[in-house]
Amino acid sequence: MSKDDDMDRPEVISGAARGKGRPTPTRREAEAARMRPLVPKDRKAAKRAAKAKRDAEFQREQIAMKTGDEANLPYAHRGPVRRWARDYIDARITLASYFFFLAFAVLLLVFVQAVAPEIALILMLTTYGIMIIMIVDSLLAVRQMKKKLDERFGPDRVPRGIRWQMFGRTFYPRRWRRPLPLVSRGEWPAGAK
């Protein structure tokens, strides 16, 4: 036997045979272990337990929305990229954050229209103009945010739908935003300027 023949043989590891430490279960035993009733025995108790679990999860998420706790935030708000995007939008002063006040003004225009239709028409056209400016301002803010996100994190790490999520965020007054803003206006996140 030559040295080359010895090299072609597989290496044999000496020592005790290894195993899982128990015999393989039979098919009947494996199926019996997996069997569980489709409906629990006490359906009311199971329903109460599921509701309590849902309520506890909801409470954790609501507290996280106020404190910014990343671990307990809902999935749609988790992660450093979304956090950075929120901070960027919250640091900006956007016209769209005054949208609800404008909507209230539109409701008042309904009453003005009954009294002075000419004035109401001018006010309505002005309101529509302001609304268009708000939308354009928000679109520009979101576009700049997306550009900065791509530069900072890379386009492959930026989640889909973040533009529309942040576009919607611009239309809420700061105190109504969820998760609550953790930065003040003008306090830009790292890499935003």
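The values are calculated or read from the model by the stated rules, or taken from the named source; none is laboratory data. Note that this is a predicted model, so its numbers are computed, not measured. Ideal geometry is used to build each Cβ from the backbone, glycine not excepted, and the neighbour counts take in all protein chains shown. When the accessible area is computed, the model is the full protein with side chains, heavy atoms only, and any ligands, DNA or RNA have been set aside. Shrake-Rupley method; radii C 1.70, N 1.55, O 1.52, S 1.80 Å.
If I compute solvent accessible area with a 1.4 Å probe over the protein chains, what percent of it on the chain is carbon and sulfur?
In the chain, the share of accessible area belonging to carbon and sulfur is 60 percent.
How high is the relative contact order of the chain? Use alpha-carbon pairs under 8 Å, at least six apart in sequence, and give a whole percent.
Value for the chain: 30 percent.
Which value, to two decimals, describes the C-alpha radius of gyration of the chain once divided by 2.2 N^0.38 Å?
1.88
Filter the DSSP H helices in the chain by two things, a Kyte-Doolittle mean of at least 1.0 and an axial alpha-carbon span of 30 angstrom or more, and list the hits by number.
TM-like helix candidates: nothing returned.
Find the lysine pairs in the chain meeting two conditions, Cα atoms under 25 Å apart and a separation of 8 or more places or different chains, and report how many there are.
Counting lysine pairs in the chain gives 9.
For the chain, which span is the longest to avoid every loop-located (per DSSP) member of GluC sites (Glu not before Pro) having at most 15 other Cβ atoms inside 10 Å?
That gives 12-186 as the longest site-free run.
In the range 19-128, which trypsin sites (Lys or Arg not before Pro) are in a loop and have at most 10 other Cβ atoms within 10 Å, using DSSP for the loop call?
LYS20, LYS41
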